[in-house]
1. Step through the residues of the range 14-20 one at a time and calculate ³J(HN,Hα) from phi using the Karplus curve (6.51 cos²θ - 1.76 cosθ + 1.60, θ = phi - 60°), rounding each to whole Hz and writing x for Gly and Pro.
2. For GLU65 and ASP162, FRET efficiency with R0 = 60 Å and r from the beta-carbon atoms, rounded to 0.05?
3. Given H placed 1.01 Å from N in the peptide plane, which residues other than close sequence neighbours of SER258 have an amide H under 5 Å from its amide H?
4. Under the 0.36 nm per residue contour assumption, what length would be gained going from the current alpha-carbon distance of ASP144 and LEU20 to full extension?
5. Summarise the accessible area of the range 300-354 (1.4 Å probe, protein heavy atoms) by the percent that is carbon and sulfur.
6. Please state the shape class of the range 233-316: rounded when a/c is under 1.5, otherwise prolate if a/b exceeds b/c and oblate if not, all from the C-alpha gyration tensor.
7. Can you tell which of VAL254, VAL368, ILE123 lies farthest toward the positive end of the dipole of the chain, using +1 and -1 charges on the Cβ of basic and acidic side chains (Lys, Arg; Asp, Glu)?
8. Cross-link partners among aspartates and glutamates for LYS259, C-alpha distance below 12 Å, same-chain residues fewer than 8 apart left out?
Amino acid sequence: MIEPGTELLGVRRDPRWEDLDHLRRTSPMSDCVLDEVRGRHIRSGDHWLIDFASCNYLGFDCDPEIMDAIEPAVRRWGTHPSWSRLLGSPRLYPEIEERLTALLRAPDTLLLPTATLIHASVIPVLADKGHVFVEAAAHRTVYDGCVAARGQGATLRRFHADRPDELAAQLRAAPNGSARLVCLDGVNSMSGNIADVPQLAGICRDLDATLYIDDTHGFGVIGERGADEPCPYGLRGNSVVRHTGETYDNIVLVGGFSKAYSSLLAFLALPPWLKDHLKVAAAPYLYSGPSPTASLATALAGLEVNDRRGDAIRADLHRKTVRVLDHVAGLGLETLNSDQLPIVEIPLADAADLDAVAGFLWEQGIYVTLAVYPLVPHDRVGFRVQLTALNSDEDIDRLNAALTRLAERFPLRPGS
């Protein structure tokens, strides 16, 4: 018997999403409505929590200098420049692209509203009717873009980044004379670890493939290395390509301002000829409504702040992240995080405890990202802590204390 409400015009609920739907319906930390925000303290109803689910890594969402940039831009351009970019772009767009290209030291850049739209539209263009290879742990939106490419005639295969010979063998087996696109995350959104870009880029260059990197979680946090870097994140926050000492040869980089820069905006770093091609081949440039003026203004102001204060902010973010990682290690708990980025995944020993763990953290006033199947594999069910520059040391103290109490009450997976 079909449960009432589970079928509409022949569409039924997919059983793969049952765990996530259960969490959405039962956990206060899922599908939550927030009534007030004071920095990283948030209120839902009458319950205050410390926010460790935000991806505003640099704290730009509450930076007074960046917030002050909004009103003058809105007074000049209105709240929303409602042309598609092919029809018209406010001067803010080329200003951001010029600044961003210089920061990344890329051949060129192209701004579009979101990384999700970029993946859905650009991956099929780059793949054409050729061959797409997607890393097994790539973000769901990257995978969806690869599935869209398959729907337009490309072949699709998965590979594992920690098995480079597997990718090389798959590329060699692909027929010559057609596009070859390799897609992966620069910084994994769950583990917080950095891909081995030099190794994978080398394979792609040797075998005539393009490496397509989603670095939405790395841009703004990690950057080029240097003797004067204040922390292991490097300098300037100019993304994983520069952080790993790579060039843009055979690489297309996708980054987002919606994480570190707290603005609804995303970009591609790419050669000028490809930028021109995407202006007529990528649907978001032709048809999509653009980012609101406030996001364009805060992105441009954020680039200014990054130039002057970014490295100091990143050093403080690294210090706070290490405080949490050291505490997790001291409790003997497992986390996949080995690169000290501000994403700390903590898996449970028993996935069935997730409801109770979420409720416990809620009562402790700690707000985190819950990781349930199919967002993560069955053996990685748990929660993700995200640190930002706006989290205070007192916030970190309360988080660490809550993790200690959590480990005393629930079986968490022990570290190796």
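The values are calculated or read from the model by the stated rules, or taken from the named source; none is laboratory data. Treat the numbers as computed from the prediction; the structure is a model and nothing was measured. Counting neighbours? That spans all protein chains shown, and the Cβs are built from the backbone with ideal geometry, glycine included. These area figures cover heavy atoms from the full protein model, side chains too; ligands, DNA and RNA do not enter into them. Shrake-Rupley method; radii C 1.70, N 1.55, O 1.52, S 1.80 Å.
1. Values, residue by residue: 7, x, 4, 9, 4, 4, 5 Hz.
2. With R0 = 60 Å, the Cβ-Cβ based efficiency is 0.90.
3. SER263, LEU265
4. Between ASP144 and LEU20, full extension yields an extra 42.8 nm.
5. Within the range 300-354, the accessible surface is 50 percent carbon and sulfur.
6. oblate
7. Most positive-ward Cα: ILE123.
8. Within reach: ASP61, ASP215.
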